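Colleague: Sharing a structure, written as C-alpha coordinates. Questions coming.
The values are calculated or read from the model by the stated rules, or taken from the named source; none is laboratory data. Model, not experiment: these values are computed from the prediction. Every residue, glycine as well, gets a Cβ built from its backbone with ideal geometry; the counts of neighbours run over all protein chains shown. Please note that ligands, DNA and RNA were not included when accessible areas were found on the heavy atoms of the full protein model with its side chains. Shrake-Rupley method; radii C 1.70, N 1.55, O 1.52, S 1.80 Å.
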Amino acid sequence: MQQTFSYEARGQALIIHLPKELDHHNCRNLKYETDLLLAENYINRIVFDFSRTEFMDSSGIGVLLNRYKQMTANGGEVALCGVNTRVRRILTIGGISRLMEQYENREAAVTG
Amino acid sequence: MERFRMEIESLSKNEELARVVTAVFMSRLDPTLEEMDDVKTAVSEAVTNAVIHGYQEGEGIIYMELQAEERQLTVMVRDLGVGIADVKRAMEPMYTTDPSGERSGMGFSFMEAFMDQVQVESEPGRGTLVTMRKKIGR
(Lines give C-alpha, C1' and ligand atoms only; values in the text may rest on other atoms or scores of the structure.)
Protein backbone atom coordinates (compact mmCIF):
# COMPACT_ATOMS: atom_id res chain seq x y z
CA MET A 1 0.00 0.00 0.00
CA GLN A 2 1.29 3.41 -0.94
CA GLN A 3 1.47 5.63 2.10
CA THR A 4 1.54 9.25 1.13
CA PHE A 5 0.44 12.54 2.50
CA SER A 6 -2.59 14.31 1.11
CA TYR A 7 -3.07 18.03 1.24
CA GLU A 8 -6.22 20.06 1.51
CA ALA A 9 -6.44 23.86 1.33
CA ARG A 10 -9.06 25.59 3.45
CA GLY A 11 -8.80 29.34 2.97
CA GLN A 12 -5.38 30.28 4.30
CA ALA A 13 -5.06 27.01 6.17
CA LEU A 14 -3.32 23.96 4.77
CA ILE A 15 -4.50 20.61 6.14
CA ILE A 16 -1.90 17.85 5.87
CA HIS A 17 -3.42 14.39 6.24
CA LEU A 18 -0.72 12.17 7.69
CA PRO A 19 -0.19 8.53 6.70
CA LYS A 20 -0.89 5.46 8.85
CA GLU A 21 2.82 5.00 9.57
CA LEU A 22 4.63 8.27 10.17
CA ASP A 23 8.28 7.23 9.85
CA HIS A 24 11.40 8.31 7.94
CA HIS A 25 10.39 6.32 4.86
CA ASN A 26 6.98 7.96 4.57
CA CYS A 27 8.28 11.44 5.40
CA ARG A 28 10.80 11.58 2.57
CA ASN A 29 8.72 13.71 0.19
CA LEU A 30 6.96 15.89 2.69
CA LYS A 31 9.52 18.71 2.78
CA TYR A 32 9.60 19.06 -1.00
CA GLU A 33 5.82 18.93 -1.33
CA THR A 34 5.00 21.36 1.46
CA ASP A 35 7.74 23.78 0.40
CA LEU A 36 6.13 23.87 -3.03
CA LEU A 37 2.64 24.43 -1.61
CA LEU A 38 3.86 27.13 0.78
CA ALA A 39 5.70 28.91 -2.02
CA GLU A 40 2.68 28.99 -4.32
CA ASN A 41 -0.10 29.77 -1.83
CA TYR A 42 -0.58 32.19 1.01
CA ILE A 43 -0.78 29.87 4.00
CA ASN A 44 -0.68 31.13 7.59
CA ARG A 45 -1.84 27.97 9.33
CA ILE A 46 -0.89 24.32 8.95
CA VAL A 47 -3.16 21.66 10.45
CA PHE A 48 -1.66 18.20 10.85
CA ASP A 49 -4.44 15.64 10.79
CA PHE A 50 -3.42 12.44 12.62
CA SER A 51 -6.80 10.67 12.18
CA ARG A 52 -5.24 7.82 10.20
CA THR A 53 -1.93 7.66 12.07
CA GLU A 54 -1.23 4.56 14.15
CA PHE A 55 2.57 4.68 14.30
CA MET A 56 4.98 7.56 14.71
CA ASP A 57 8.68 7.86 15.59
CA SER A 58 11.12 10.77 15.92
CA SER A 59 11.10 11.29 12.13
CA GLY A 60 7.57 12.62 12.60
CA ILE A 61 8.81 14.96 15.31
CA GLY A 62 11.44 16.33 12.91
CA VAL A 63 8.82 17.01 10.27
CA LEU A 64 6.51 18.78 12.71
CA LEU A 65 9.31 20.90 14.18
CA ASN A 66 10.57 22.03 10.79
CA ARG A 67 7.08 23.06 9.65
CA TYR A 68 6.61 24.83 12.98
CA LYS A 69 9.82 26.83 12.43
CA GLN A 70 8.77 27.69 8.87
CA MET A 71 5.31 28.88 9.91
CA THR A 72 6.21 30.80 13.06
CA ALA A 73 9.05 32.61 11.23
CA ASN A 74 6.33 34.35 9.23
CA GLY A 75 3.79 34.79 12.03
CA GLY A 76 1.86 31.64 11.13
CA GLU A 77 0.63 28.80 13.33
CA VAL A 78 0.61 25.01 13.44
CA ALA A 79 -2.25 23.00 14.95
CA LEU A 80 -2.88 19.28 15.42
CA CYS A 81 -6.02 17.15 15.35
CA GLY A 82 -7.07 13.49 15.43
CA VAL A 83 -4.28 12.58 17.88
CA ASN A 84 -4.66 9.11 19.50
CA THR A 85 -3.12 7.93 22.77
CA ARG A 86 -0.01 6.51 21.13
CA VAL A 87 0.72 9.59 19.05
CA ARG A 88 0.08 11.81 22.09
CA ARG A 89 2.75 9.89 24.01
CA ILE A 90 5.25 10.41 21.18
CA LEU A 91 4.37 14.12 20.91
CA THR A 92 4.85 14.60 24.65
CA ILE A 93 8.23 12.85 24.76
CA GLY A 94 9.27 14.76 21.63
CA GLY A 95 8.42 18.08 23.31
CA ILE A 96 5.79 19.01 20.71
CA SER A 97 2.81 19.22 23.06
CA ARG A 98 4.08 22.50 24.47
CA LEU A 99 4.48 24.11 21.04
CA MET A 100 1.40 23.17 19.08
CA GLU A 101 -2.23 23.29 20.09
CA GLN A 102 -4.19 20.04 19.83
CA TYR A 103 -7.87 20.11 18.84
CA GLU A 104 -10.64 17.55 19.17
CA ASN A 105 -11.65 17.74 15.55
CA ARG A 106 -10.45 19.04 12.21
CA GLU A 107 -12.86 21.96 11.94
CA ALA A 108 -11.83 23.35 15.31
CA ALA A 109 -8.16 22.98 14.34
CA VAL A 110 -8.71 24.88 11.09
CA THR A 111 -10.58 27.72 12.80
CA GLY A 112 -8.24 27.88 15.80
CA MET B 1 16.72 -18.45 25.14
CA GLU B 2 14.87 -17.97 21.88
CA ARG B 3 16.71 -16.21 19.11
CA PHE B 4 15.90 -14.75 15.72
CA ARG B 5 18.27 -13.25 13.19
CA MET B 6 17.73 -11.43 9.96
CA GLU B 7 19.62 -9.38 7.42
CA ILE B 8 17.88 -6.61 5.56
CA GLU B 9 19.01 -4.23 2.89
CA SER B 10 19.55 -0.69 4.07
CA LEU B 11 16.41 0.79 2.51
CA SER B 12 13.98 3.13 4.18
CA LYS B 13 11.04 0.87 3.32
CA ASN B 14 12.64 -1.81 5.50
CA GLU B 15 12.17 0.35 8.60
CA GLU B 16 8.56 -0.81 8.73
CA LEU B 17 9.56 -4.42 8.01
CA ALA B 18 11.96 -4.36 10.96
CA ARG B 19 9.24 -3.02 13.28
CA VAL B 20 6.67 -5.54 12.20
CA VAL B 21 9.01 -8.53 12.48
CA THR B 22 10.09 -7.39 15.94
CA ALA B 23 6.44 -7.02 17.01
CA VAL B 24 5.66 -10.57 15.85
CA PHE B 25 8.71 -11.99 17.63
CA MET B 26 7.99 -10.19 20.90
CA SER B 27 4.32 -11.18 20.88
CA ARG B 28 5.41 -14.53 22.37
CA LEU B 29 6.34 -12.62 25.54
CA ASP B 30 2.68 -11.54 25.80
CA PRO B 31 3.41 -7.79 25.90
CA THR B 32 0.88 -5.03 26.51
CA LEU B 33 -0.07 -2.90 23.54
CA GLU B 34 2.01 -0.07 24.99
CA GLU B 35 5.11 -2.25 25.36
CA MET B 36 4.65 -3.42 21.79
CA ASP B 37 4.43 0.17 20.52
CA ASP B 38 7.41 1.25 22.64
CA VAL B 39 9.65 -1.45 21.18
CA LYS B 40 8.42 -0.78 17.64
CA THR B 41 9.36 2.89 18.02
CA ALA B 42 12.81 2.07 19.42
CA VAL B 43 13.51 -0.42 16.60
CA SER B 44 12.38 2.12 14.05
CA GLU B 45 14.83 4.66 15.48
CA ALA B 46 17.78 2.25 15.41
CA VAL B 47 17.10 1.02 11.86
CA THR B 48 16.48 4.56 10.61
CA ASN B 49 19.85 5.59 12.09
CA ALA B 50 21.53 2.73 10.22
CA VAL B 51 19.87 3.73 6.94
CA ILE B 52 20.47 7.47 7.23
CA HIS B 53 23.68 7.73 9.19
CA GLY B 54 25.39 4.32 9.09
CA TYR B 55 25.04 3.78 5.36
CA GLN B 56 24.40 7.45 4.43
CA GLU B 57 21.28 6.33 2.50
CA GLY B 58 23.50 4.18 0.26
CA GLU B 59 23.84 0.42 -0.06
CA GLY B 60 24.49 -1.83 2.89
CA ILE B 61 23.14 -4.64 5.02
CA ILE B 62 21.53 -4.16 8.41
CA TYR B 63 21.90 -7.12 10.78
CA MET B 64 19.20 -7.61 13.36
CA GLU B 65 19.09 -10.08 16.18
CA LEU B 66 16.19 -10.54 18.58
CA GLN B 67 16.42 -12.53 21.80
CA ALA B 68 13.78 -13.50 24.29
CA GLU B 69 14.78 -14.98 27.61
CA GLU B 70 12.11 -15.28 30.26
CA ARG B 71 10.62 -11.78 30.23
CA GLN B 72 13.65 -10.01 28.84
CA LEU B 73 13.64 -8.83 25.23
CA THR B 74 16.94 -7.92 23.59
CA VAL B 75 17.12 -6.17 20.21
CA MET B 76 20.42 -5.76 18.41
CA VAL B 77 20.76 -3.60 15.30
CA ARG B 78 24.13 -3.58 13.59
CA ASP B 79 25.44 -1.80 10.53
CA LEU B 80 28.87 -1.91 8.92
CA GLY B 81 28.69 1.71 7.88
CA VAL B 82 30.56 4.90 8.69
CA GLY B 83 30.33 4.58 12.47
CA ILE B 84 30.11 7.31 15.06
CA ALA B 85 33.25 9.14 16.22
CA ASP B 86 31.72 10.54 19.40
CA VAL B 87 28.93 8.30 20.69
CA LYS B 88 28.32 10.40 23.78
CA ARG B 89 27.73 13.49 21.69
CA ALA B 90 25.57 11.62 19.16
CA MET B 91 23.34 10.51 22.01
CA GLU B 92 22.73 14.03 23.27
CA PRO B 93 19.12 15.12 22.73
CA MET B 94 18.62 17.21 19.57
CA TYR B 95 22.12 16.46 18.26
CA THR B 96 21.94 15.90 14.52
CA THR B 97 24.34 15.95 11.59
CA ASP B 98 21.48 16.54 9.16
CA PRO B 99 21.65 19.91 7.37
CA SER B 100 18.05 19.87 6.03
CA GLY B 101 16.46 20.48 9.43
CA GLU B 102 14.04 17.60 8.89
CA ARG B 103 15.73 15.34 11.45
CA SER B 104 14.87 16.02 15.07
CA GLY B 105 18.04 14.50 16.53
CA MET B 106 15.90 12.60 19.01
CA GLY B 107 16.55 9.07 17.78
CA PHE B 108 18.71 7.92 20.69
CA SER B 109 16.55 9.84 23.19
CA PHE B 110 13.52 7.92 21.93
CA MET B 111 15.35 4.58 22.20
CA GLU B 112 16.26 5.45 25.79
CA ALA B 113 12.73 6.64 26.58
CA PHE B 114 11.10 3.46 25.33
CA MET B 115 13.57 0.75 26.35
CA ASP B 116 15.06 -0.08 29.76
CA GLN B 117 18.63 -0.07 28.51
CA VAL B 118 20.39 1.18 25.38
CA GLN B 119 24.02 0.45 24.63
CA VAL B 120 25.90 1.84 21.62
CA GLU B 121 29.23 0.53 20.39
CA SER B 122 30.73 2.20 17.38
CA GLU B 123 33.97 2.69 15.55
CA PRO B 124 34.50 5.14 12.69
CA GLY B 125 34.75 3.27 9.40
CA ARG B 126 33.67 -0.02 10.99
CA GLY B 127 30.03 0.49 11.89
CA THR B 128 27.68 0.65 14.84
CA LEU B 129 25.97 -1.85 17.10
CA VAL B 130 22.95 -0.78 19.11
CA THR B 131 21.80 -3.18 21.83
CA MET B 132 18.49 -2.46 23.54
CA ARG B 133 16.83 -4.36 26.37
CA LYS B 134 13.39 -4.24 27.85
CA LYS B 135 11.60 -6.29 30.48
CA ILE B 136 8.18 -7.25 29.14
CA GLY B 137 5.06 -7.64 31.27
CA ARG B 138 5.92 -6.04 34.58
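Colleague: Expressed in nm to one decimal, what extension gain is obtained for the pair B:Ile61 and B:Lys13 from 0.36 nm per residue of sequence separation less their Cα-Cα distance?
Modeller: Details: separation 48, 0.36 × 48 = 17.28 nm, distance 1.34 nm.
Length gained, B:Ile61 through B:Lys13: 15.9 nm.
Colleague: Now, a different point. Assign one of three labels to segment B:76-116, namely rounded, prolate or oblate, based on the Cα gyration tensor with a ≥ b ≥ c the square roots of its eigenvalues; rounded applies when a/c is under 1.5, prolate when it is not and a/b is larger than b/c, and oblate otherwise. Walk me through the intermediate numbers first.
Modeller: Numbers: a/c = 1.63, a/b = 1.07, b/c = 1.52.
Note, shape of segment B:76-116 comes out oblate.
Colleague: Can you give me the accessible area per residue for segment B:2-135, using a 1.4 Å probe, in Å²? Intermediate results must be reported in sequence, preceding the final value.
Modeller: Numbers: 6530 Å² over 134 residues.
For segment B:2-135, the solvent-accessible area averages 49 Å² per residue.
Colleague: Could you pull out the pairs from B:Lys40/B:Lys135; B:Lys40/B:Lys134; A:Lys20/A:Lys69; B:Lys13/B:Lys134; A:Lys69/B:Lys13; A:Lys31/B:Lys13 whose alpha carbons sit more than 21 Å apart here?
Modeller: Numbers: B:Lys40/B:Lys135 14 Å; B:Lys40/B:Lys134 12 Å; A:Lys20/A:Lys69 24 Å; B:Lys13/B:Lys134 25 Å; A:Lys69/B:Lys13 28 Å; A:Lys31/B:Lys13 18 Å.
Correct reply: A:Lys20/A:Lys69; B:Lys13/B:Lys134; A:Lys69/B:Lys13.
Colleague: Quick one: pull the percentage of alpha-carbon pairs in segment A:6-111 with a separation above 21 Å. Display every interim value, and only then the final one.
Modeller: Details: 1408 of 5565 pairs.
Across segment A:6-111, Cα pairs with separations above 21 Å total 25 percent.
Colleague: Continuing with the same structure: Please give the average number of partner chain Cβ atoms lying within 10 Å of the Cβ of each residue in B:11-19, rounded to a whole number.
Modeller: Working: counts 1, 7, 4, 1, 7, 8, 1, 0, 4.
Mean partner shielding for this stretch: 4.
Colleague: Same structure again: Chain pair A, B: how much accessible area is buried, both chains summed, with a 1.4 Å probe, in Å² to 100?
Modeller: On the way: alone 6400 and 7880 Å², together 12250 Å².
Result for this pair: about 2000 Å² buried.
Colleague: Something else about it: Would you tell me the mean number of C-beta atoms belonging to other protein chains that fall within 10 Å of each C-beta in B:97-106, as a whole number?
Modeller: Per residue, the number of nearby Cβ atoms from other chains is 6 on average.
Colleague: Quickly rank B:39-51, A:43-55 as a protection proxy: mean count of other C-beta atoms within 10 Å, highest first. Don't jump to the answer; show the numbers that get you there.
Modeller: On the way: B:39-51: 27.0, A:43-55: 19.7.
Answer by packing, highest mean first, reads B:39-51, A:43-55.
Colleague: Now a separate question. Under a crude label model (7 Å from the Cα following the beta-carbon direction), how far is A:Asn84 from B:Tyr95 in nanometres?
Modeller: That separation, rounded to one decimal, is 3.4 nm.
Colleague: Also, I was wondering about something else. For chain A, which whole-number percentage of the solvent-accessible area (1.4 Å probe, protein heavy atoms only) is attributable to carbon and sulfur atoms? Show your work: numbers first, answer last.
Modeller: Numbers: 2500 of 5380 Å².
That share works out to 47 percent.
Colleague: When you count, for each residue, the other Cβ atoms within 10 Å and take the mean per peptide, how do B:79-90, A:85-96 rank with the highest first? Mind dumping the intermediate values first?
Modeller: Details: B:79-90: 16.4, A:85-96: 18.3.
Highest to lowest by the protection proxy: A:85-96, B:79-90.
Colleague: Only four residue types carry charge here, +1 at the Cβ of Lys and Arg and -1 at the Cβ of Asp and Glu. Report the dipole size of segment A:40-92 about the Cα centre in Debye, rounded to the nearest 20.
Modeller: On the way: 7 positive and 5 negative charges, 36 e Å.
So the magnitude is around 180 debye.
Colleague: Also: Let's test the formula: R0 of 22 Å, r as the Cβ-Cβ distance of A:Arg52 and B:Glu34. What FRET efficiency results, to the nearest 0.05? Display every interim value, and only then the final one.
Modeller: Numbers: r = 20 Å, r/R0 = 0.92.
With a Förster radius of 22 Å, E is 0.60.
Colleague: Please report, in whole Å, how far the alpha carbons of segment B:2-135 spread along each principal axis, starting with the longest.
Modeller: 41, 27, 24
Colleague: OK, next. So what is the calculated 222 nm ellipticity per residue for the protein assembly as shown, using -39500 (n - 2.57) for each DSSP H run with n of 4 or more, over all residues, to the nearest 500 deg cm²/dmol? Provide the component values of the computation, followed by the final result.
Modeller: Working: 9 runs with 88 residues, N = 250.
-10000 deg cm²/dmol, from helical runs alone.
Colleague: For segment A:6-111, what is the accessible area per residue in Å² when the probe is 1.4 Å? Display every interim value, and only then the final one.
Modeller: Values: 4860 Å² over 106 residues.
Per residue, segment A:6-111 has 46 Å² of solvent-accessible surface.
Colleague: Continuing with this model, one more query. Between A:Thr111 and B:Met1, what's the calculated FRET efficiency when r is the beta-carbon distance and R0 is 45 Å? Round to 0.05.
Modeller: Working: r = 56 Å, r/R0 = 1.24.
So the FRET efficiency works out to roughly 0.20.
Colleague: Now a separate question. Return the average number of partner chain Cβ atoms within 10 angstrom of each residue Cβ along peptide A:19-28. Write out the running numbers ahead of the final one.
Modeller: Numbers: counts 0, 1, 6, 0, 11, 14, 11, 4, 3, 3.
Partner Cβ neighbours, averaged per residue: 5.
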